1. With the structure loaded, tell me whether B:Met17 is away from chain A (no Cβ under 14 Å) and surrounded by 14 or more Cβ atoms within 10 Å (Cβ to Cβ) or whether it fails that test.
2. Please go through the stretch B:444-473 and pick out each residue that is at the interface with another protein chain (Cβ under 7 Å from one of its Cβ atoms) and either closer than 25 Å to A:Ile365 by Cβ or in contact with a Pro (Cβ under 9 Å, 6 or more places away or on another chain) (or both).
3. Can you tell which of A:Arg356, A:Arg381, A:Arg349 is modelled with pLDDT of 95 or more and buried (at least 23 other Cβ atoms within 10 Å of the Cβ)?
4. Have a look at A:Leu330, A:Leu293, A:Leu261 and point out the one that is at pLDDT 95 or above, within 25 Å of B:Asn432 (Cα to Cα) and part of a helix (DSSP H, G or I).
5. In the stretch B:164-201, what residues are within 17 Å of A:Pro362 (Cβ to Cβ) and polar (S, T, N, Q)?
6. From A:Leu461, A:Leu425, grab the single residue that is at pLDDT 95 or above and assigned to a helix (DSSP H, G or I).
7. Take A:Ile441 and decide whether it is of a type in the set (A, V, I, L, M), within 22 Å of A:Ser282 (Cα to Cα) and more than 7 Å from chain B (Cβ to nearest Cβ).
8. Taking B:Ala246 as meeting all but one of (1) outside any helix (DSSP H, G or I); (2) crowded, with 24+ Cβ neighbours inside 10 Å; (3) of a type in the set (A, V, I, L, M, F, W, C), write down the number of the exception.
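The values are calculated or read from the model by the stated rules, or taken from the named source; none is laboratory data. Just so it is clear, the structure is predicted and the values come from calculations on it, not from any experiment. Cβ sites come from the backbone with ideal geometry, for glycine too, and all protein chains shown count toward neighbours.
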Protein chains: 2
Amino acid sequence: MAGTIPKSLRLDVNNLMADTLGGGYGVDAGAVERWRPRAEAALKAVQSSRGQGWLGWMDLPAQPESLLDDIEAMAERIRLNYDAFVLLGIGGSALGPICVNEALRPPRYNELPKARRGGPRMYFEDNIDPERMASLRAVVDFRDACFNVITKSGGTAETMSQYLYVRDALRDNPRWRDQVVATTSGVKGLLLDIARLEGLKTFVIPEGVGGRFSELCPVGLLAAAVGGADIRALLKGAADMDARCATPELWKNPALLEAALMAVASVEMGRNIQVMMPYADSLRMVSNWFVQLWAESLGKLVNRAGAVVNAGQTPVGALGVTDQHSQLQLYSEGPFDKVITMMKVETFREETAIPRAPEDYPGDIRFLGGLTHSQLIEAERFGTEYALTRAKRMNQTIILPEVSEYTLGQLLYFFEMVTAYMGELLDVDAFNQPGVEASKIATYAKLGHPAERYAEARSALAAAPERDARYII
Amino acid sequence: MAGTIPKSLRLDVNNLMADTLGGGYGVDAGAVERWRPRAEAALKAVQSSRGQGWLGWMDLPAQPESLLDDIEAMAERIRLNYDAFVLLGIGGSALGPICVNEALRPPRYNELPKARRGGPRMYFEDNIDPERMASLRAVVDFRDACFNVITKSGGTAETMSQYLYVRDALRDNPRWRDQVVATTSGVKGLLLDIARLEGLKTFVIPEGVGGRFSELCPVGLLAAAVGGADIRALLKGAADMDARCATPELWKNPALLEAALMAVASVEMGRNIQVMMPYADSLRMVSNWFVQLWAESLGKLVNRAGAVVNAGQTPVGALGVTDQHSQLQLYSEGPFDKVITMMKVETFREETAIPRAPEDYPGDIRFLGGLTHSQLIEAERFGTEYALTRAKRMNQTIILPEVSEYTLGQLLYFFEMVTAYMGELLDVDAFNQPGVEASKIATYAKLGHPAERYAEARSALAAAPERDARYII
């Protein structure tokens, strides 16, 4: 029983099932049984390749003590010496760090006085909007900031352009190199070359760890530790979830069961959208992290045999209760094309009581007085669950006893394992991203990059027909 | 020609069309012609009811000078007298104010020194997470803050609970009422009753203006003016777009054409997801505002004849270039179930140059030096457009000459008109939201509200079967 494992994440799939929703609207036992052989094969494929190839992230829960010591020492140095920590990265190099820091730090962290923060203000620069870039100078004294540049290949134009910008801004300080930490491949790549050339402090992204699976390596751990998080508890959460997700019993393995249910939902039932809806502001960015993981891993043109499949459930981020007031109407009355995944927090780290209304106040407002916001937010989540279920909309709830390093480590690792299993069930390569290459080539060609490898794209752009003016209004 | 209208928003639909994408992947001329009679009827229906019923928002571009004067005077008083402005609202009472302020204020506004801001720090409290509620006290001195409570009915539990919380916190100040502004119905409702009882300064939400269409009424205008925006330019933008969207020529009416194209895309071609992807951090929250407008207006169980239709394209927010690194893989290789709508800004309000790399730096990083971030962000948007188009994915671009009050007014009003026309084309009531009622009732029943109107729900909850423990792992 889940209740006997303290602070363990629980997955409640009651409202995905035909037993609850009725046949035709929920997953029936027969469908799960049909997928069982594939699920068992998926488990075997993933577990037998643990740590190999692109499954290097499965080794992250058990990283060497010496590496963790090094990360913690660096984080402590940054906490003591700098007023601001600026992470330069995009996609997998930013979403994990943002998500963990938003979850674990106090809200409105950067606005708190230094004593309440205990560490530097933190900035995650995952876009190249020039207005945003310029504004960083308005709030961060670059002389008093540490910059963590993260890209595995070093070929990420956005991040490398930011690095050049920062390097130029720091150049008057002969010791500027002390202010920069590079997190990159330990084997090859532009950022590694530059880090060696400049003698920058470097952390290694292991070879078998892709961007979207990198939160639990130094990509995420350094930023988490700078933000004051206990990174060992984060990894312990991941390790404990890893054990649960390795069990061969389908109905005791949360990730394998979830993958099987999502396979039935998307492949057999046309539920090709998954809404990720935490009922906690602290978990808002978990949705964004999940969106990348799910979209980029499973959104694939071809299966592993090379046949065109155009796979991929579209993930959508939402926030409870806020988005009840923007999206619930569509979810409960629109097309039957969605699964809604809620997250419920059992104990919040703060509580606010709703004071009683004056005696002469009218109506329902007097009913609210005496409740707490924890009660209200959970009652609203329950109300949404109830309404969706009554409207026969597939929904499920991930229950976190609290938001902490330990539960967050479980949560992120759970999603990673679901994704790995789902890749097997869909028979796609969950660890590549061939579809973004065409965009990168066109970008460089558009900018006039002279290299031979862009010649074909340059010609194609030059030969492209004019846009039809009728279609621009 | 668009170029002859200065600072006018342009809509480029080339990449939605069969002429560009090829038949089967794009909208062909025949499809538009088939929808033309319905589009013309939609135009007539909307324009002939202008200002009536739930089309009251069509009158907002031309509000009385005296009201604008009053809003500006109140905003000036707030700007001069308070360190913080806190908006209490949710859904339509918050998304518009957030979106306009994010677009028009400098980035990281609250962290700027007072002199750079010129007005109070601003907080938009659109959730009831207790951790977030409690944290407000850590950064805002309630004695030095103005609170704008917004709910048309006054029946919004989230907002009214926040009002009670703030009222209680302020109660030691005999003049606390000066710190609270109520924005609500002018006719009836709990908040109106309370505002009268307490003698609060009140702004009126006109009767024919629903929450998601309320940005250009005092709901959004007061917050915009407090943030330093020129609300008359915002309304001028809306008025100019209103004129364009009233023209009976389909190919000259951007909102009517857009609605027709989205009707073909979603109803005939199964493109039942629309991704809204601005390439500018300042426009990020326009996506969230659009998501509510589109989801809640068009996501409907029944059409106006009462037949079950389960209508509604699912809107998804994304941000360029950031989400190229999280979602582009899915968009370019996954199911053909999407339209991707990009927003392009022609001139940013700031520019950052990418400095040249040292001579001894390797590879592509040297190519970046000398470019600007404006060039890079637009080249990346172009690259995404090119890759999507090559993969035969329907995409379009809204071009803003700049982000300003005037262009933003055009943009928001454009989306409102598209939504109104789309409601006609789908034959659904775009102005109600019956699907959220069941959730509200279940919430109150769960909390044990004793009123007779919740009796049935209380019984239903009491009689609900236990959750199946097998399905909780």
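1. No.
2. Within the stretch B:444-473, B:Lys446, B:Leu447, B:His449, B:Ile473 qualify.
3. A:Arg381
4. A:Leu330
5. B:Thr184, B:Ser185
6. A:Leu425
7. Judged against the criteria, A:Ile441 is not a match.
8. (2)
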